[in-house]
Amino acid sequence: MMLAGRILSILAIGFGFLTSPLQAQIVDTVCAGARGEEYRVIDQAGSSFSWKVDGGAIISGQKTSAVKVNWGTDTGVFEITVQETNSDGCPGDIVQAFVWVRGGIEVDIHGPTTICKGEEVMLTADGGANFKWSTGFLGRDMLFKPSSDTTVYVIGTGSACGIDTGFFQVKVFENPQADLVINPPTPGINEIVEMSVQNTPASELFWRIPEVGLITEADELYHTFTKTGLYTIQALLIDDNGCRDTVQHKLEVSVDVHVYTPNAFTPDGDDLNARFAPVTANTKSVHLQVFNRWGENVYEAKAASGSQLGWDGNYNGVMAPEGIYVYKVQVVGLDDKLYTYEGTVQLIR
């Protein structure tokens, strides 16, 4: 019994449809790596069938009219042959058919593999026409914000051989927690202030004090404030993973204006305690006035500090009498504020 006119039918189980029966020399298609694809010829009672499949492996049905084939990963056009032997032991013609093994899609995911906590990551899928992510998002580009190490996947689909799954892992680093230390914590004017970040390693550390126009990179910052006021200390820390933290502190710089006025002096010629003058610190100017009991201004002078002035006990070129005198001291501090002090001093000869 000759099989030259036999029909080879290809059942494409993987696609869920039955192709039309293929005459010999007609090419069918299948996806590379497909499993359990079925191929059959018309069955005849008592006949046996010998199959040969190039590019694939017969997993069941050899010697029957239908075989199942697992296809390999090689692509191209491969031949399937079958020969029938009837119940009388007579072999028939060898019937051929051809199968085009097509390459499937390969879905990949691209994007940053490491981020810092709180950042969003953009992942892009390629290799397919349509994509569905493990988060439920539909589309090629997915933006999401993982809070910990996360593995995502995307299922991509294409045309004939179009389904594949890609996996991608994103590692999430914790952000550093900067601890700003300022010493002294309440500095005075013209006092050196040391600023540092503790308990957190940093590969880069940037400082900014906007009120004085300072921007610099340094492990520690030393600065002297020449004016009083409220200053903003900002530190930007970047660790070895590229994660960052910014800490900000409000620092008040003040001035301790000091004025000490003695309650007596002795201009008696021994050059000891011979002048009356206030002792000042942190001042820009000092204005001293001294009045007698009748309200006459017996002494007045201005200077940058108390050490640059002083009443020697004379008035109009004549020694003033012993007694109690009233003084008024006005100073302008380094904070540009005016301070006034009043009291009495005893002149002793």
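Only the coordinates and a few stated rules stand behind these numbers; no lab work does. None of the values given here were measured: they were computed from a predicted structure. In this analysis, Cβ positions are derived from the backbone assuming ideal geometry, glycine residues included, and neighbour counts consider all displayed protein chains.
In which sequence would 148, 47, 254 go, from the one with the fewest C-beta neighbours within 10 Å to the one with the most?
On the way: 148 9, 47 20, 254 17.
Least to most surrounded, the residues fall as 148, 254, 47.
Which entries in the list 117/227; 250/328; 132/171; 227/302; 117/250 go over 30 Å, if you measure between the two C-alpha atoms of each? Provide the component values of the computation, followed by the final result.
Working: 117/227 40 Å; 250/328 37 Å; 132/171 22 Å; 227/302 23 Å; 117/250 27 Å.
In this structure, 117/227; 250/328 exceed 30 Å between Cα atoms.
Each label point is 7 Å from the Cα along the Cα-to-Cβ direction; what then is the distance between the points at residue 43 and residue 340, in nm?
Between residue 43 and residue 340, the label points sit 12.1 nm apart.
Can you tally the net charge around residue 78? Count Lys and Arg as +1, Asp and Glu as -1, for every other residue whose Cβ sits under 13 Å from the Cβ of residue 78.
Numbers: positive: 52, 102; negative: 28, 37, 54, 74, 79.
Overall, the nearby charge balance is -3.
What is the distance, in nm, between label points placed 7 Å from the Cα along the Cα-to-Cβ direction at residue 330 and at residue 314?
Inter-label distance under the simple model: 2.7 nm.
Treat the count of other C-beta atoms within 10 Å as a stand-in for reagent exposure and order 222, 315 from fewest to most.
Final ranking by Cβ density, sparse to dense: 222, 315.
Under 10 Å, Cα contacts only: if you run a Gaussian network model on the chain, which one of 72, 323, 127 comes out with the highest mean-square fluctuation?
323
Which whole-Hz ³J(HN,Hα) couplings does segment 252-264 yield from phi under the Karplus relation 6.51 cos²θ - 1.76 cosθ + 1.60, θ = phi - 60°, glycine and proline marked x?
With coefficients 6.51, -1.76 and 1.60, one gets 9, 9, 10, 10, 9, 6, 10, 9, 10, 10, x, 9, 7 Hz.
Just to be sure I understand the model, the point goes 7 Å from the Cα along the line to the Cβ. What's the resulting residue 246 to residue 50 distance in nm?
In this crude label model, residue 246 to residue 50 measures out at 8.1 nm.
When Lys and Arg each count +1 and Asp and Glu each count -1, what net charge do the other residues less than 14 Å away from residue 103, Cβ to Cβ, add up to? Spell out each step's value before the answer.
Working: positive: 102; negative: 74, 106, 164.
With Lys, Arg at +1 and Asp, Glu at -1, the net is -2.
Can you give the FRET efficiency to the nearest 0.05 for residue 294 and residue 256, using r as the Cβ-Cβ distance and R₀ = 35 Å? Don't skip to the end; give the middle numbers.
On the way: r = 37 Å, r/R0 = 1.04.
Using R0 = 35 Å, I get an efficiency of 0.45.
Which of 163, 234, 42 sits closest to the plus end of the dipole of the chain, meaning its Cα is farthest towards the positive end, when Lys and Arg get +1 and Asp and Glu get -1 on the C-beta?
42
Suppose every Lys and Arg Cβ carries +1 and every Asp and Glu Cβ carries -1, with no other charges. What dipole size does the chain come out with about its Cα centre, to the nearest 20 debye?
Details: 23 positive and 42 negative charges, 165 e Å.
My answer is approximately 800 debye.
In debye to the nearest 20, how big a dipole does segment 179-253 give about its Cα centre with +1 on each Lys and Arg Cβ and -1 on each Asp and Glu Cβ? Don't skip to the answer; put the middle values down first.
Working: 4 positive and 12 negative charges, 72 e Å.
I would put it at about 340 debye.
Which one, 174, 220, 296, has the greatest fluctuation when you compute a Gaussian network model over the chain with C-alpha springs under 10 angstrom?
296
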